[in-house]
Amino acid sequence: MREHDVIIKPLLTEKSYAGVADKKYTFVVAKKANKTEIKLAVEKLFDVQVESVNTANVRGKLKRMGRSEGYTPSYKKAIVQLKADSKPIQFFESLS
């Protein structure tokens, strides 16, 4: 997998904003990507040093619209912790 296929998009929530100060960044990643692929993709795309990667499979939530109901898509998210001496990711720094 190429780097752009592994990292789909950043996940921007209140909880993920709280981690930016500690150099923890959250991304939506490909479902088949493992921790090693995610680490290499983040290091290559953003030119940073990754200390650890935590992943979680998020199931879709049940949503209703009148009588019809269905599930939102499920996805995999990765929380990436950068090393202390690594530079921050510029995309997240511009948001705060």
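Every read-out reported here was derived from the displayed coordinates using simple, explicitly stated rules and does not represent laboratory data. Just so it is clear, the structure is predicted and the values come from calculations on it, not from any experiment. Counting neighbours? That spans all protein chains shown, and the Cβs are built from the backbone with ideal geometry, glycine included.
Dipole magnitude for the range 3-86: computed about the Cα centre from +1 point charges on Lys and Arg Cβ and -1 point charges on Asp and Glu Cβ, it is near 620 debye. Annotation: the residues E43, E37, sorted from fewest to most other C-beta atoms within 10 Å of their own C-beta, follow the order E43, E37. Classify the chain: rounded, prolate or oblate, from the alpha-carbon gyration tensor (a ≥ b ≥ c, eigenvalue square roots; a/c under 1.5 rounded; otherwise prolate if a/b is larger than b/c)? In terms of gyration-tensor shape, prolate. For the range 39-96, the relative contact order comes to 37 percent (Cα pairs under 8 Å, sequence separation of at least 6).
Compute the Cα gyration tensor for the range 46-96, then decide on rounded, prolate or oblate, letting a ≥ b ≥ c be the square roots of its eigenvalues: rounded whenever a/c is under 1.5, prolate when a/b is larger than b/c in the other cases, and oblate in all that remain. Prolate is the answer for the range 46-96, as a/c is 1.5 or above and a/b outweighs b/c.
Note on K31: aspartates and glutamates with a C-alpha under 13 Å away, same-chain residues under 8 apart excluded, are D5. Note on the chain: helix-only mean residue ellipticity at 222 nm, from DSSP H runs of 4+ residues weighted -39500 (n - 2.57) and normalised by residue number, equals -7000 deg cm²/dmol.
Using a cut-off of 18 Å between Cα atoms, the listed pairs K9/K63; K32/K77; K39/K76 include K9/K63 as exceeding that distance.
Using +1 at the Cβ of each Lys and Arg and -1 at the Cβ of each Asp and Glu in the chain, identify which of V48, S86, M1 lies farthest towards the dipole's positive end. Working it through, the farthest residue towards the positive pole turns out to be M1.
Identify all aspartates and glutamates with a Cα-Cα distance to K23 below 17 Å; exclude those on the same chain that are fewer than 8 residues away in sequence. Hits, sequence-local ones excluded: E14, E43, D47, E51, D85, E93. Each peptide in 77-88, 58-69 receives the mean, over its residues, of other Cβ atoms within 10 Å, and ordering these scores from highest gives 77-88, 58-69.
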